[in-house]
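The values are calculated or read from the model by the stated rules, or taken from the named source; none is laboratory data. Values in this document were obtained by computation on a predicted structure and should not be read as measured data. Methodologically, a virtual Cβ is constructed for each residue, glycine included, from the backbone with ideal geometry; neighbour enumeration extends over all protein chains shown.
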Amino acid sequence: MRNLLGALLGLAAVASTALAQVDPVLPEYRPAQGVFGTLKSVGSDTLNNLMAHWTQEYTKFYPSVKPEIEGKGSSTAPPALIEGQSQFGPMSREMKSSEVDKFEAKFGYKPTPIRTAIDCLAVYVNKDCPLDEISLPQLAKIFSVAGTDMTWGDIGVKDPAYAGKPINLYGRNSASGTYAYFKEVALENNDYKPTVKEQPGSSAVVQAVATDRFGMGYSGIGYRTADVKPLHVRLAEGEEAFPPESDYAYSGEYPIARFLYIYINYDARTGLDPLRAEFIKLVLSKQGQEAVVKDGYIPVTADIVRDDYKSLGMKADF
């Protein structure tokens with residue numbers, strides 16, 4: 001995943017900084033005719049804020065469109081698409097093969113993923129915590145059953161106010177794509193410790209750490225507040241640690257970076273209806289990716305947008 005993400009992004013396509021810039025090649029969104037109906041989305045909590053931004057912008061162009069957004073976790077997206085309860089399935093992870101198989105068994109073709117943004121999954125501590133860096137092997141021991149219950153001193157914190165104190169752990173519930181992704185990449189697929197306090201949403205994890213001096217939790221970088229500190233993360237002991245910023249997400253050096261997806265039911269034989277086609281165009285436009293940056297995430301490049309247009313049979317004239 002680390003090298004694949006950097007390769008897919010096409011590093012020359014964007015001049016990235018700590019605050020990512022929208023690829024100047026991306027087009028300005030222009031409204032079309034014949035767009036109406038109800039826009040239904042079921043899926044990721046991580047993408048809730050972005051979906052709200054995008055639908056708010058969308059309804060400025062199409063006031064008759066009624067949005068219905070539900071974000072209870074990525075695992076709710078595939079069944080909603082399969083059962084026809086939604087047109088869009090936001091997910092903070094790729095669909096599992098079992099989810100794809102169920103979709104394909106019903107429709108005869110696979111669901112189509114749209115890469116809408118890039119997220120650095122951050123490891124947060126309280127703003128007053130003296131710890132600044134951590135490694136993936138340490139995270140596996142801290143959060144998973146691969147390690148014992150740990151104190152701050154066990155991970156190198158020498159401050160006497162912290163050293164002997166247990167690390168209070170916060171995370172997401174099992175319906176969350178963030179839960180699954182962190183388990184796969186940071187915990188080497190080991191089970192979470194039962195002491196990890198599961199929170200109902202991404203912002204709740206950050207709020208818990210903000211109010212707990214000895215707390216540590218994981219959540220999307222877009223949910224960062226002034227009361228928490230995201231740690232620099234290293235792939236292995238002895239390697240350089242990188243902050244959750246755009247430069248290091250684009251390069252693949254930040255080891256817990258991921259795409260944020262919207263999955264749709266796209267049948268190449270019939271194409272997309274105007275409501276879905278225009279919403280996707282907006283999400284992947286200059287305005288849509290400006291919302292990504294505003295929300296604290298990292299925009300996708302024009303090369304990625306062209307690839308995803310192609311997967312939907314859409315023409316990319318930019």
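Pairing each residue of the range 178-189 that is under 22 Å from A77 (Cα atoms) and not assigned by TED's automatic domain parsing to the domain that holds D45 with any residue that is in a loop (DSSP other than H, G, I, E, B) and of a type in the set (S, T, Y), provided the two are 6+ apart or on different chains, yields C-beta distances under 6 Å for T178/T46; T178/S92. Among the residues of the range 189-238, the ones that are of a type in the set (A, V, I, L, M, F, W, C), more than 18 Å from P255 (Cβ to Cβ), part of a loop (DSSP other than H, G, I, E, B) and in contact with a Lys or Arg (Cβ under 8 Å, 6 or more places away or on another chain) come to 2 in all. Name every residue in the range 244-278 that is closer than 22 Å to R234 by Cα and in a loop (DSSP other than H, G, I, E, B), in order of residue number. Scanning the range 244-278 gives P244, E245, G252, E253, Y254, P255, I256. The set of residues in the range 24-47 that are touching a helix residue (DSSP H, G or I) at 6+ places or on another chain (Cβ under 6 Å), surrounded by 14 or more Cβ atoms within 10 Å (Cβ to Cβ) and either part of a loop (DSSP other than H, G, I, E, B) or at pLDDT below 95 (or both) comprises V25, L26, Y29, V35, G37, S44, D45, T46. Only a single item in (1) closer than 26 Å to P79 by Cα; (2) surrounded by 17 or more Cβ atoms within 10 Å (Cβ to Cβ) is not met by P244, and it is number (1). Is there a residue in the range 16-23 that is at pLDDT 95 or above, in contact with a helix residue (DSSP H, G or I) (Cβ under 8 Å, 6 or more places away or on another chain) and surrounded by 15 or more Cβ atoms within 10 Å (Cβ to Cβ)? Scanning the range 16-23, I find at least one residue that is at pLDDT 95 or above, in contact with a helix residue (DSSP H, G or I) (Cβ under 8 Å, 6 or more places away or on another chain) and surrounded by 15 or more Cβ atoms within 10 Å (Cβ to Cβ), so the answer is yes.
Counting only residues that are within 12 Å of T116 (Cα to Cα) and not hydroxyl-bearing (S, T, Y), which one in the range 266-285 is surrounded by the fewest Cβ atoms within 10 Å (Cβ to Cβ)? Spell out how you get there, then give the answer.
Step one: filter the range 266-285 for residues within 12 Å of T116 (Cα to Cα), giving 279-285.
Remaining after also requiring not hydroxyl-bearing (S, T, Y): 279-284.
Values: F279: 26, I280: 25, K281: 20, L282: 22, V283: 28, L284: 29.
Among those residues, the one meeting the criterion is K281.
Testing S219 on (1) in contact (Cβ under 8 Å) with a residue 60 or more places away in the chain; (2) of a type in the set (G, A, S); (3) surrounded by fewer than 19 Cβ atoms within 10 Å (Cβ to Cβ), one condition comes back false. Which one is that? (3) is the only condition that S219 fails. At least 1 residues being modelled with pLDDT of 95 or more, assigned by TED's automatic domain parsing to the domain that holds A210 and of a type in the set (S, T, N, Q) is the threshold, and among the strands (runs of 3 or more DSSP E) wholly inside the range 48-127 those reaching it are 112-126.
Filtering the range 258-273 for residues that are touching a residue at least 24 places away in the same chain (Cβ under 8 Å) and more than 23 Å from K110 (Cβ to Cβ) leaves an empty set.
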